[in-house]
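Values in this text are rule-based calculations from the coordinates and carry no lab data. Predicted model, so just to flag it, every value in this text is computed and none were measured. Here Cβ is always computed from backbone atoms with ideal geometry, including for glycine, and neighbour counts include all displayed protein chains.
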Amino acid sequence: MVDLTSTIVVLLVMGGSVYLSLRGRRKIERELRATFDRKTFDTPQGKVTGEALKVVKVSRQTVRFAADDVYQLAADPLPADTFWYCVGPGPSYFLAIAIVQVGYGKVDAEWVIRPLTEQRMRGALIGDRKATALAFGSAVEG
């Protein structure tokens with residue numbers, strides 16, 4: 001488990017936008033990965049943890065209030081969402097949505113897991129040849 005008391009997440013407010021320091025981003029990524037690895041997923045081969053899944057694409061939502069000066073002055077943690085498209089044994093496909101709260105040197109992440117059909121996974125990865133190849137093999141259709 002990551003020691004959340006020893007690291008400070010540094011935020012910079014520049015031109016109405018909020019930026020995390022590189023150290024802060026790495027801390028968030030480590031904590032997200034650790035919480036993801038502990039989640040369990042139902043696959044055709046039984047329950048597995050997140051460690052057994054291959055993450056083929058990560059899509060991040062920016063902080064929704066970046067231009068809201070009033071909210072920037074508030075002491076609330078910063079909300080952010082990240083979407084992980086994953087392939088598991090079977091094969092099985094998942095969208096794992098991390099709802100992240102960052103603030104005061106700590107990171108809290110809650111995961112919402114949605115199983116996907118192969119068709120929905122292919123649809124979600126349209127236009128991303130690299131992610132499609134990772135999910136379905138190197139024989140990617142046009």
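Some points to look at:
- Residues with amide H under 5 Å from that of Lys39, placed H, sequence gap 5 or more: Gly50
- In order through region 98-107: 3J(HN,Hα) via Karplus (6.51 cos²θ - 1.76 cosθ + 1.60), integer Hz, x for Gly, Pro: 9, 9, 10, 10, 10, x, 6, x, 10, 10
- Gain in span if fully extended, Gln61 to Arg30, counting 0.36 nm per residue against the direct Cα distance: 9.4 nm
- Here's the picture: charge each Lys and Arg Cβ at +1 and each Asp and Glu Cβ at -1 in region 80-142, and of Leu95, Thr82, Gly123 the one pushed furthest to the positive end of that dipole is Gly123.
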